[in-house]
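Participant: Structure below; questions to follow.
The values are calculated or read from the model by the stated rules, or taken from the named source; none is laboratory data. Note that the structure is a prediction, hence the values are computed from the model and not measured. Cβ placement follows ideal geometry from the backbone for every residue including glycine, while neighbour counts extend to all protein chains displayed.
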Amino acid sequence: MNVVFVEPNFPRNQREFVRALSQVGATVFAVGETPWDWLDEELKGWIDHYEQVGSVTDVDRLRTVVEHFQSRAWIDSLEATIESHTLPAAVVREQTGIPGTSVHTTYLCRDKPSMKEALRQVGVPTAASAAAENLDQLREFVAQVGYPVIVKPRDGAGASGTHKVENDTELAAAAATFGSATSVAVEEFVEGHEGFYDTVSVDGGIALDFASHYYPNVLEAMRTRWISPQYVSTNRVDDAPFYGELRELGERVNEALGIRTSATHMEWFYGPKGLRFSEIGARPPGVGCWDLYSAGNDIDVYRAWADAIVHGQVWSRPSRRFASGIVALRPDRDGTISGYSGLDHVQQHLGQWVIDTHLPDPGTGTQPVEAGFMANAWVRLKHPDYDALRGMLDEVGRTVQVHAS
């Protein structure tokens, strides 16, 4: 099978998709923004044909490269795993006659008001939402649902550009951040615990799935420096009734949005109003989630995805042996990392459960809090008991300090 893969080099885990495609027998045609000579030898060894472009989101340039590949061989699949790459890839897929996730499905997974309307039509509970082009339309929405509301880009990812708005003054301030956007998404604020449900789906059916929890919710985690936020993948998916409801709604999401053979990333809230789905992506999760799933379940999730793309089925089955999670460690201020404290304690008491760590060298510039879970230092752990793992992640967050100057 001949597969075109978009952007194999950045971010770092993109190489794992290329590796997996190669290992399951695909001929890999890759298009990326990095010169071929700058790729390392391991990555080059997984790529059979490569073309560099200035931007992989340039639809015309991407189509030209894909058509060049098609002049050399029959192309069976065109895959993109980064949120901002999915729509250009879908457009080129349809323009060049390559099967896969449609422009319509990709648009629904990118445009939040349209996404939520499609979910509501098949009975998937979600927050009330609308598109707003100006402050008056935002006010009209608030008049219907009341404060607080969430204002965010229609096609944003994660918490980027997202505002929780609690009064008229904050609403006007949020409207002033529209910039060049012609409209934004405005949503009812849903109270509750936040998590995500990730799958590899084949022909619309869920072949492999995982559920994770945020501590605290993302908006708070990405705005508050002193918090060492976590997300934790549970190994209780097959046991607790809540996850049965999550799975049933996940199947309906695929139906509503037309997702067939693809990785998915589904954000959810659970609170006084019950389970509500939030954002849906026809793509893998970011920030190393699949690495945690692989470590906790004795499988290679990237290879399972590649089997779905290349062979139309998934043979891997998760062991659910471990819960696994990450705790992000924030520098005490913006500037330059000067050192760490508490690492010896963690190694002595928790070392057997550590999957890996990322501890930038002293002298490394810090990244802002809102840059995410893996922007600065982090530690990933696993343990057979979910609650014990939560306690260990808390202990790391309390004990390890990242000092900056």
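Participant: Any idea which of (1) under 24 Å from residue 82 (Cβ atoms); (2) at pLDDT below 95; (3) charged (D, E, K, R) is the one residue 194 doesn't satisfy?
Facilitator: (2)
Participant: A further question follows. Please work out if residue 299 is within 22 Å of residue 247 (Cβ to Cβ), in the same structural domain as residue 237 (by TED's automatic domain parsing), among the hydrophobic types (A, V, I, L, M, F, W, C) and surrounded by 22 or more Cβ atoms within 10 Å (Cβ to Cβ).
Facilitator: Spelling it out, it is not the case that residue 299 is within 22 Å of residue 247 (Cβ to Cβ), in the same structural domain as residue 237 (by TED's automatic domain parsing), among the hydrophobic types (A, V, I, L, M, F, W, C) and surrounded by 22 or more Cβ atoms within 10 Å (Cβ to Cβ).
Participant: Condition check: closer than 12 Å to residue 198 by Cα and among the hydroxyl-bearing types (Ser, Thr, Tyr). Does residue 224 satisfy that?
Facilitator: no
Participant: With the requirement that a residue be within 21 Å of residue 178 (Cα to Cα) and surrounded by fewer than 17 Cβ atoms within 10 Å (Cβ to Cβ), what does segment 114-130 give you?
Facilitator: Listed by number, the list holds a single entry, 128.
Participant: Among the numbered criteria (1) surrounded by fewer than 15 Cβ atoms within 10 Å (Cβ to Cβ); (2) over 14 Å from residue 229 (Cβ atoms), which single criterion is violated by residue 357?
Facilitator: Exception for residue 357: condition (1).
Participant: A follow-up question, please. Residue 31 versus (1) at pLDDT 95 or above; (2) assigned to a loop (DSSP other than H, G, I, E, B); (3) surrounded by 15 or more Cβ atoms within 10 Å (Cβ to Cβ): which is the lone unmet condition?
Facilitator: (2)
Participant: With the requirement that a residue be part of a helix (DSSP H, G or I) and among the acidic types (Asp, Glu), what does segment 267-306 give you?
Facilitator: Listed by number, the list holds a single entry, 291.
Participant: Test of understanding: among 326, 259, 309, which residue is in a helix (DSSP H, G or I) and buried (at least 24 other Cβ atoms within 10 Å of the Cβ)?
Facilitator: Matching residue, one of 326, 259, 309: 309.
Participant: Here's something else I'd like to know. Which of (1) of a type outside the set (A, V, I, L, M); (2) in contact with a Gly (Cβ under 6 Å, 6 or more places away or on another chain); (3) assigned to a strand (DSSP E or B) is the odd one out, the single condition residue 338 does not satisfy?
Facilitator: Answer for residue 338: the failing condition is (2).
Participant: Does residue 242 count as assigned to a helix (DSSP H, G or I), in contact with a strand residue (DSSP E or B) (Cβ under 9 Å, 6 or more places away or on another chain) and outside the structural domain of residue 396 (by TED's automatic domain parsing)?
Facilitator: Criteria met by residue 242.
Participant: Right, next: For segment 124-229, which strands (runs of 3 or more DSSP E) that fit wholly inside it have 1 or more residues that are closer than 30 Å to residue 332 by Cβ and in contact with a Gly (Cβ under 7 Å, 6 or more places away or on another chain)?
Facilitator: 149-153, 193-202, 205-215
Participant: Say whether the condition of being basic (Lys, Arg) and modelled with pLDDT under 95 is met by at least one residue in segment 282-289.
Facilitator: Within segment 282-289, none of the residues are basic (Lys, Arg) and modelled with pLDDT under 95.
Participant: Which pairs have Cβ atoms under 6 Å, sit 6 or more apart or on different chains, and link a residue in segment 337-350 that is farther than 16 Å from residue 377 by Cα to one that is part of a helix (DSSP H, G or I)?
Facilitator: Pairs that qualify, where the first residue is farther than 16 Å from residue 377 by Cα and the partner is part of a helix (DSSP H, G or I), are 345/399; 350/392.
Participant: Here's a follow-up. Suppose we keep only residues that are in a helix (DSSP H, G or I) and surrounded by 15 or more Cβ atoms within 10 Å (Cβ to Cβ) within segment 65-83. Which one would you say is modelled with the lowest pLDDT?
Facilitator: 83
Participant: From 67, 79, 94, 51, which residue is without any contact (Cβ under 8 Å) to a residue 12 or more places away in the chain and outside the structural domain of residue 308 (by TED's automatic domain parsing)?
Facilitator: Exactly one residue qualifies, and that residue is 94.
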